[in-house]
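Have a look at the structure below before the remarks.
All of the numbers you see were taken from the coordinates with simple rules; none came from a lab. Note that the coordinates shown come from a computational prediction; the quantities given were computed from them, not determined experimentally. Here the Cβ is made from the backbone with ideal geometry for all residues, glycine too, and neighbour counts use every protein chain on show.
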Amino acid sequence: MSASFVALNLRAHIMSAGERWFLIVAGIFLLQLALSVVLKMYLFTVTF
């Protein structure tokens with residue numbers, strides 16, 4: 001959810017970048033998604 005929220009928020013600011021804005025938004029979305037997956041894997045597999 002947060003990945004799409006961040007990507008859609010930044011899309012409005014990056015529209016002035018020309019035709020490459022889609023690549024930028026897709027990259028941001030993928031980075032956020034990967035970060036959330038890594039955090040979930042770390043938090044739910046590490047036992048205290």
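Rounded, prolate or oblate: pick one for region 2-45, where a ≥ b ≥ c are the square roots of the eigenvalues of its C-alpha gyration tensor, a/c under 1.5 means rounded, and failing that, prolate if a/b is larger than b/c, else oblate.
On the way: a/c = 5.78, a/b = 2.90, b/c = 2.00.
Taking the square roots of the gyration eigenvalues as a ≥ b ≥ c, region 2-45 is prolate.
Taking the Cα-to-Cβ direction at Val37 and at Val6 and moving 7 Å from each Cα, how far apart do the two end points lie in nm?
Result: 1.5 nm between the two label points.
Would you work out the relative contact order for region 2-45, in percent, from Cα pairs under 8 angstrom that are 6 or more residues apart?
Numbers: 20 pairs, mean separation 19.8, N = 44.
Once normalised by length, the contact order is 45 percent.
Using a Förster distance of 35 angstrom, determine the FRET efficiency expected from the C-beta separation of Trp21 and Phe44, and round it to 0.05.
Numbers: r = 34 Å, r/R0 = 0.98.
Calculated value: 0.50.
Quick one: order Val46, Val6, Val38, Val25 by neighbouring beta-carbon count within 10 Å, fewest to most. List each step's numbers first, then the result.
Details: Val46 7, Val6 15, Val38 10, Val25 20.
If I rank by nearby Cβ atoms, fewest first, I get Val46, Val38, Val6, Val25.
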